[in-house]
Structures are given as structure tokens and as C-alpha cells.
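*Asks:* Following this message is one structure expressed as C-alpha cells.
The values are calculated or read from the model by the stated rules, or taken from the named source; none is laboratory data. Bear in mind that the values here come from a model prediction, so they are computed numbers and not experimental data. With ideal geometry, Cβ positions are generated from the backbone for all residues, glycine too; neighbour counts draw on all protein chains shown. Side chains included, ligands, DNA and RNA excluded: accessible areas come from the protein's heavy atoms. Shrake-Rupley method; radii C 1.70, N 1.55, O 1.52, S 1.80 Å.
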There are 2 protein chains.
Amino acid sequence: MRVHHDIEDLRFLLGTWRGTGEGVYPTIEPFAYTEEVTFTAGPGKPFVVYGQRTWRAGTEEPLHSETGYIRGSGSESVELVIAQPTGIVEVHTGVLLGTSLVFEGSAITTATARPVSATRREIDVDGDVLQYHLSMEAVEQPLQLHLSASLRRVAD
Amino acid sequence: MRVHHDIEDLRFLLGTWRGTGEGVYPTIEPFAYTEEVTFTAGPGKPFVVYGQRTWRAGTEEPLHSETGYIRGSGSESVELVIAQPTGIVEVHTGVLLGTSLVFEGSAITTATARPVSATRREIDVDGDVLQYHLSMEAVEQPLQLHLSASLRRVAD
């Protein structure tokens, strides 16, 4: 498939990924989840569409979901925007090195959302295995690890 | 279909909508577009998933797309978060009156995005007809009308 030149270097992300992860934070009980992530090339556009859903591990109970876009530039500079039904949006500046992405940015929330102020998202892909780590600054806690997952590509 | 209590009053939005719209702004040439909008009930959750795509009128050339979530509360207070591949996110407070929604909020952008600072989004539904108006404060212009469209429900 042909993709826009500015996302050529992000092709390694494209597809559907499934796997498991775990969440930790000082203010919550640790929890395990299953996850599906999709990265789709924009329609002739310089961005990758991102979507994600999680379920409580071993159940069909939906937990989180989010959607957004990775903006390519044809260089190692990338950007990421995300919306979450929990009332959170994120705006990130990122760096692409090989098949690793590191995004750092601000989170802005609606009035009734949990107060999250910043996140850091690392994505590392090795062939058909994707691992990510998400650190979060929220509810008066400093930036620290919140989510880790390991996913496998199940469809291109 | 059963939906979460907090989005019961937003049922009138659910479905797929198609139609046409036009865009104006002091800094651009007016343009016409076709559009498809979907509103889907969250999976047992108190939110409505929002997705949208437009094409240049009379063509298959993709123009804009965006995704987000409307957060219901079981009252007239609603919230809206949106992510756009143009590098813009929006965080809104809204009011639901009958089958009309008015959202007012801030836009935050990535470093390379067009500078948009605020939008106002009005949605009015009358049976199977949805009309919206989007006003925008951007590129040093005051808040003013940018997009208007009239859509028809083509699927529940």
C-alpha cells in the first residue's frame, strides 16, 4: 500500500495489534488488561489514525478507549494528539528513532475529568511485537509509570 | 438498544449522518464539502463516540476528519473532547436543551498546527435532520462562523 511520504517512516506501526498489559499508580490497585490497538494510514494524508480499546483481563468488560492521530513530517519529528472519553485530551511532541517513538506532552481535561496534566508515551516495535510504556502526571502525583503492555500484530 | 443512563438524553444523536456543508473564514476561499458523521453509544459507558469525515464537494478527495467523545451526565451538562489530525485538540463544556447541543471550549494545538484557540459548536437535530454550526477563533481572527452543514440520518 502506498502511503503519504511524510508517514513512510511510520509504516512499521500500521496494522492491528493485540495483547495484554498492566496498570499501576500510587492511587489505585494494580490491574491487568487485554488490549487492541489499530494504526491506519490516513487517506493520502500525512498522518496515522490511532485507535485503542482495553478490557479487564479475562473478561469482556470494557475499560478504556482512546483515539487520535500521529502526524508525520518525513523527519524524526512527529506529533501526537489524542482524545479520551474520560474527558482528557493530549498534545504531544515526539521523536522517531528507527522503530521507536517517544512522545512527551501535556494533557488537558474537562471540568469533571480526573486531573491529568502530562503524559509520556514510549512505543517500541520489533517486527510484529509492539511494547509501550505510558507514564502519567496526575492527581498531584509526579510523572511515573502507569501502563505497560506487549502486543502482537494480528493484521496488517 | 439499551444505553448508559447518562447518555439516555443523547439518543437522538445516535446513528450515521450524511449531507453537505460549506466553510468560510476571512483567511480562506469559501469551500463546499460532503460529510459523514457517526455517533455511537459507548459500550455500556456514559459517553457517545463521535467520528467525522469530509470530502471536497463533488469529488472523493478527503478533506478533514476528526474523532472524539461526548460525555453525558444524565443532566443538561455535557462535555466534548475532540482530536484532529491537523494537530488540534478541543475541550468543551456544553449544554443540552431538548435535541440541541451547544459546546464552547478551548482548542490546543501542536507546534506545527494552524493556531486555533477556541471553537463553538452548535448541533440541532429535528427528527432525521441534523444541522450544525461551528465557529472558530483562529489565526488572529475573532470567533466567527467557519462551518455549517445539514445532514440526514442514513442509519440508526
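*Asks:* Accessible area lost on pairing A with B, both sides, 1.4 Å probe, Å² to nearest 100?
*Replies:* Numbers: alone 8430 and 8430 Å², together 14670 Å².
So the total buried area for this chain pair works out to about 2200 Å².
*Asks:* If you don't mind, there's one more thing I want to ask. Taking the simple approach of a point 7 Å from Cα along Cα-to-Cβ for both residue B:155 and residue B:106, what is their distance in nm?
*Replies:* 3.7 nm
*Asks:* Sticking with this structure for a sec: Can you list the HN-Hα couplings for the range B:130-140, worked out from phi with the Karplus curve (6.51, -1.76, 1.60; θ = phi - 60°), rounded to whole Hz and with x for Gly and Pro?
*Replies:* With coefficients 6.51, -1.76 and 1.60, one gets 10, 10, 9, 9, 10, 9, 9, 10, 7, 5, 6 Hz.
*Asks:* Follow-up. Go ahead and run the numbers for FRET between residue B:29 and residue B:75, Cβ-Cβ distance against an R0 of 51 Å, rounding to 0.05. Could the numbers behind the result be given before it?
*Replies:* On the way: r = 42 Å, r/R0 = 0.82.
In this case the efficiency is close to 0.75.
*Asks:* Also, quick follow-up: Tell me the carbon and sulfur percent of the accessible area for chain A, rounded to whole percent, probe radius 1.4 Å. Please report the intermediate quantities before stating the final value.
*Replies:* Values: 3750 of 7340 Å².
That fraction is 51 percent.
*Asks:* Would you mind getting the accessible area per residue of the protein assembly as shown, heavy atoms of the protein chains only, 1.4 Å probe, in Å²? Walk me through the numbers before you get to the answer.
*Replies:* Values: 14670 Å² over 312 residues.
Spelled out: the 1.4 Å probe surface of the protein assembly as shown, per residue, equals 47 Å².
*Asks:* For the range A:5-155, with the dipole built from +1 on Lys and Arg beta-carbon atoms and -1 on Asp and Glu ones, taken about the Cα centre, which of A:117, A:86, A:44 lies farthest toward the positive end?
*Replies:* Of the listed residues, the answer is A:44.
*Asks:* Continuing with this model, one more query. Given points 7 Å out from each Cα along the Cα-Cβ axis, report the residue A:95 to residue B:60 separation in nanometres with one decimal.
*Replies:* Here the modelled spin labels are 4.1 nm apart.
*Asks:* Which order do B:132, A:33 take when ranked by solvent-accessible area (1.4 Å probe, heavy atoms of all protein chains), largest first? Don't jump to the answer; show the numbers that get you there.
*Replies:* Values: B:132 30, A:33 5 Å².
In descending accessible area the options line up as B:132, A:33.
*Asks:* Residues of the range A:110-125 with accessible area at least 10 Å² lower in the all-protein-chain context than alone (1.4 Å probe)?
*Replies:* In the range A:110-125, residues shielded by partner chains: A:110, A:111, A:112.
*Asks:* Moving to a separate point now. Can you give the local net charge around residue B:73? Use residues other than it whose beta-carbon is closer than 10 angstrom to its beta-carbon, Lys and Arg +1, Asp and Glu -1. Show your work: numbers first, answer last.
*Replies:* Working: positive: B:71; negative: B:6, B:9, B:76, B:79.
Here the count lands on -3.
*Asks:* Tell me, what HN-Hα J-couplings in whole Hz come from the Karplus equation 6.51 cos²θ - 1.76 cosθ + 1.60 at θ = phi - 60° for each residue of the range A:54-62, using x for Gly and Pro?
*Replies:* 10, 10, 4, 3, x, 9, 9, 6, x
*Asks:* So, with +1 on the Cβ of K and R and -1 on the Cβ of D and E, and no other charges, what is the size of the charge dipole of the range A:26-88 about its Cα centre, to the nearest 20 debye?
*Replies:* So the dipole magnitude of the range A:26-88 works out to roughly 240 debye.
*Asks:* Over the range B:5-155, what is the relative contact order in percent, taking alpha-carbon pairs closer than 8 angstrom and at least six residues apart? Show your work: numbers first, answer last.
*Replies:* Working: 399 pairs, mean separation 30.5, N = 151.
Relative contact order for the range B:5-155 comes out at 20 percent.
*Asks:* Give, ordered by residue number, each residue of the range A:55-93 whose 1.4 Å probe accessible area is reduced by a minimum of 30 Å² on adding the remaining protein chains to the chain alone.
*Replies:* In the range A:55-93, residues shielded by partner chains: A:62, A:67, A:69, A:71, A:79, A:81, A:83, A:85, A:89, A:91.
*Asks:* Also: Note the full-extension length gain between residue A:148 and residue A:118 as 0.36 nm times their separation in residues minus their Cα-Cα distance, in nm to one decimal. Let's see the in-between values first.
*Replies:* Numbers: separation 30, 0.36 × 30 = 10.80 nm, distance 1.67 nm.
Gain in length upon complete extension: 9.1 nm.
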